[in-house]
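Each remark here refers to the structure printed beneath this line.
The values are calculated or read from the model by the stated rules, or taken from the named source; none is laboratory data. Owing to the predicted nature of the structure, the values given are computational and were not obtained by experimental measurement. Neighbour counts run over all protein chains shown; Cβ positions are idealised from the backbone, glycine included.
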Amino acid sequence: AEYYGLPRWGQGHFCADDDGFVCVRPLGEDGPSIRIADVLAEAEAEHGLRPPLTIRVQDLLRRRVEMLNEAFRRAIEQEAYAGNYRGVFPIKVNQLREVVEEILDAGRAYDFGLEAGSKPELLIALSQLDRKGDLLICNGYKDMDYIRAALLGVRLGREVILVIEQFSEVDAIIKVTREMGVEPNIGFRVKLSAPGEGKWATSTGDNAKFGLTAAEIVAAAKKLKRAKMGHCLKLVHFHIGSQVPNILTIKKAVSEAARFYCEICKMGFALKYLDVGGGLGIDYDGSRTNFESSMNYSMGEYARDIVFNIKNVCEQAEIPVPDIISESGRALVAPHSILVIEAVDRIVKIPEEADKLTTKKKPHPLLADLIYILENRDNHGALERFHDAQQKKEEAANLFSLGYLDLATRAKADTLFWQICAKIQASLKAEGYVPEDLENLGALLAEQYVCNFSVFQSLLDHWALDQLFPIAPLQRLGEEPTIEATLVDITCDSDGKVSEFVDLEDVRHSLRLHPLGKDPYFLGIFLVGAYQDIMGDLHNLFGRVNEVHVFLEEDEEDGFYIEETIRGFSTDEVLNFIQHKGADLTRAMKKQIDTATRNDIVKPREGVRLLNLYTDMLAQKTYLRPGDNSKPIKKKS
Ligand code: PLP
């Protein structure tokens, strides 16, 4: 568990039990604990669902909502802050109905609201917020229809705030207001000069896509006044990008935004809210640093810094403090979701029968040279041996291309090269010093575990932005892992891989795993509940994976139940997206089989079997099916 970092990035929510199984503790360290392997067993036995499988731990989602609200409540108390806190969940971070409903349910006691960034998201939010005064922040690009729908919410008594992100939206809002006769609540998104930090830093600054400059704010404020809508302006908003690793960045941005707030108040507008956007991070690598995959602050410190800095700026300006809104998405939903994948095969550099390859009495001179290097008869250093071996490997490839080396000898040369590398790597570990040329040797030697999933569907930010997620086997954690490996998915794309892993100091280029045995070997990819689900694509037509929603069973010690399941796409469903209708495909196949039968290429009985094979496959899942002899997943408790 220590090697995979569970105690650090798990934050008390993930651990290994005495039998080496990974468990999730939705309520934290002292709460009940669910063995993930047991969830897998139940998903298969009761629902016929096998990995790739997303497990949503709904109680953990609730817990995060409570933690965020409590953090702000405590900060407000400690700072004797005169305003309130009201959070909203940005739907874009995870739009799944069950996720949005769970967050709202857990947030009821705190008047937690929603944030929408597009018309479809707005329609979700309007349907979900059904109480008087429910808060709905409307961001993103807006056309007239968007504004009309937002005013519909106002008409029904919700506190809907239209945040102006583009100057042109001012006129559009004034126009729709007159058309509908409904007064809007308006906010300004400001373009801060405080720089962002991390992978999503371009969300702020002069070249940001969103927000009003200081000059635009002054002009927009004047326009509202002229339209006699000055009293509608209620809120100042900023967002400096997701996953902000450094608390100093947040402090600076909050202070600058609070200055905007005070100045706009001084211009005669009765503002009420300061909305600090998203950005609250997740410590994916558990290092507690300002690495991109980490954060050097806690949720408590985040809340305190926001409250303190706003209060400080407002006191200096002698302006009453605003109510604070935050739009944390990632920090709420990332932890609750675990993607489980199964390693189904391995790709090795040194074949198992490699030893036999070097036993010939009089080997080819090139092989003799490589054997000489392997046995290190001259007692040369690691670096020199590596360079010599590289030279010989290259020679072998050249001779092969020119027709002077047969395939068997080329195979032996390659294998000897990798055996030399493995020996050098082992000696480096003993020496402790690694020359630069050999730094990547471990990664070069790593095996590839073929896992039944698609990076493009389930881990898009890893492919697109090199975002790191913690990964660990879900079983055998009491057993020393001995194989350095990277993970490859089953798409026909060499980019479909995971070869960078979280580490405390730096990025790891391989992960130590256990040898594959007879029992299925499952890996968990953790903290994947934010953004990944919806951004995944249909590369190679794999599509959505199976999903189970797990709840704690209160009357049972460490018990759980699966309340909801969502089936991964069937082949037929996926093909439909791209206009290949199952019925048409079947008809086309039937025609081919009928022709083959007529021409006596296949017998009618076989023709029926062939057509059944095709139609059965249309109904099946897109991912690899476990082999016919594969074992069912056993419940271990
Ligand atoms: N608010 C806005 C305007 C955003 O663009 C985003 C996402 O980038 C968020 C909130 C959510 O940010 P996070 O997931 O970092 O909390």
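Checking each residue in region 525-544 for being within 16 Å of the ligand (Cβ to nearest atom), in a loop (DSSP other than H, G, I, E, B) and in contact with a Phe, Trp or Tyr (Cβ under 9 Å, 6 or more places away or on another chain) picks out Leu527, Val528. For Ala397, the conditions (1) touching a strand residue (DSSP E or B) at 6+ places or on another chain (Cβ under 9 Å); (2) away from the ligand (no atom under 16 Å from the Cβ) are fulfilled apart from (1). Among the residues of region 117-146, the one identified as under 14 Å from Ile325 (Cβ atoms) and of a type in the set (Gly, Ala, Ser) is Gly133.
Among the residues of region 103-120, which ones are more than 13 Å from the ligand (Cβ to nearest atom) and either surrounded by fewer than 22 Cβ atoms within 10 Å (Cβ to Cβ) or hydrophobic (A, V, I, L, M, F, W, C) (or both)? Across region 103-120, the qualifying residues are Leu104, Asp105, Ala106, Arg108, Ala109, Tyr110, Asp111, Phe112, Lys119, Pro120.
Scanning region 135-152 for any residue that is touching a Leu at 6+ places or on another chain (Cβ under 6 Å) and not hydrophobic (A, V, I, L, M, F, W, C) turns up nothing. Might you check whether a residue that is surrounded by 19 or more Cβ atoms within 10 Å (Cβ to Cβ), assigned to a loop (DSSP other than H, G, I, E, B) and either more than 13 Å from the ligand (Cβ to nearest atom) or over 29 Å from the mean Cα position of the chain (by Cα) (or both) occurs anywhere in region 166-181? No: zero hits. Within region 264-303, restricting attention to residues that are outside any helix (DSSP H, G or I) and among the aliphatic types (A, V, I, L, M), the residue that is nearest to the ligand (Cβ to nearest atom) is Leu280.
Counting only residues that are among the β-branched types (Val, Ile, Thr) and away from the ligand (no atom under 16 Å from the Cβ), region 305-337 holds 5 of them. When the test is whether a residue is under 30 Å from Ser298 (Cβ atoms) and either buried (at least 20 other Cβ atoms within 10 Å of the Cβ) or touching a residue at least 40 places away in the same chain (Cβ under 8 Å) (or both), Ala227 does not pass it.
Please tell me if Asp519 is more than 22 Å from the chain's Cα centre (by Cα) and on the phi < 0 side of the Ramachandran plot. Criteria met by Asp519. Applying the criterion of being in a loop (DSSP other than H, G, I, E, B) and aliphatic (A, V, I, L, M) to the residues of region 184-238, the residue that is nearest to the ligand (Cβ to nearest atom) is Ala208. Only a single criterion out of (1) within 26 Å of Thr622 (Cα to Cα); (2) of a type in the set (S, T, N, Q); (3) surrounded by fewer than 20 Cβ atoms within 10 Å (Cβ to Cβ) is not satisfied by Asn452, namely (3). The single residue among Glu557, Glu564, Glu547 that is in a strand (DSSP E or B), surrounded by fewer than 17 Cβ atoms within 10 Å (Cβ to Cβ) and of a type in the set (D, E, K, R) turns out to be Glu564. Pairing residues of region 327-340 that are among the acidic types (Asp, Glu) with residues that are modelled with pLDDT of 95 or more and within 13 Å of the ligand (Cβ to nearest atom), at Cβ distances under 6 Å and at least 6 apart in sequence or on separate chains, gives Glu327/Val88; Glu327/Pro90; Glu327/Glu115; Glu327/Gly277; Glu327/Gly278.
Scanning region 428-449 for residues that are small (Gly, Ala, Ser) and surrounded by fewer than 14 Cβ atoms within 10 Å (Cβ to Cβ) yields Ala430, Gly432. Candidates are the residues of region 244-263 that are within 14 Å of the ligand (Cβ to nearest atom) and touching a residue at least 60 places away in the same chain (Cβ under 8 Å); the one that is farthest from Glu159 (Cα to Cα) is Ala253. Of everything in region 7-30, what is surrounded by fewer than 23 Cβ atoms within 10 Å (Cβ to Cβ) and assigned to a helix (DSSP H, G or I)? Give them in sequence order. Once the filter is applied, which keeps residues that are surrounded by fewer than 23 Cβ atoms within 10 Å (Cβ to Cβ) and assigned to a helix (DSSP H, G or I), region 7-30 yields Pro7, Arg8.
All of (1) over 21 Å from Phe89 (Cα atoms); (2) crowded, with 24+ Cβ neighbours inside 10 Å; (3) over 25 Å from the mean Cα position of the chain (by Cα) hold for Glu256 with one exception: (2). For region 356-372, the criterion of being within 16 Å of the ligand (Cβ to nearest atom) and either over 20 Å from the mean Cα position of the chain (by Cα) or assigned to a helix (DSSP H, G or I) (or both) is satisfied by no residue at all.
From the residues in region 580-622 that are among the β-branched types (Val, Ile, Thr) and not in a helix (DSSP H, G or I), which one is farthest from the chain's Cα centre (by Cα)? Taking the candidates together, the pick is Ile601. Take Ala208 and decide whether it is in contact (Cβ under 8 Å) with a residue 24 or more places away in the chain, buried (at least 18 other Cβ atoms within 10 Å of the Cβ), among the aliphatic types (A, V, I, L, M) and assigned by TED's automatic domain parsing to the domain that holds Glu115. Here the answer is no, as Ala208 does not meet what is asked.
Within the set Ile325, Ile319, Ile310, the sole residue that is assigned by TED's automatic domain parsing to the domain that holds Lys272, assigned to a helix (DSSP H, G or I), at pLDDT 95 or above and of a type in the set (A, V, I, L, M, F, W, C) turns out to be Ile310.
Cys492 falls short on exactly one of the conditions (1) crowded, with 18+ Cβ neighbours inside 10 Å; (2) out of contact with any strand residue (DSSP E or B) (no Cβ under 8 Å at 6 or more places or on another chain); (3) in a loop (DSSP other than H, G, I, E, B); (4) not basic (Lys, Arg), and that condition is (1). Please work out if Gly241 is within 13 Å of the ligand (Cβ to nearest atom), in contact with a Ser or Thr (Cβ under 6 Å, 6 or more places away or on another chain) and on the phi > 0 side of the Ramachandran plot. Taking the combined requirement at face value, the residue satisfies it.
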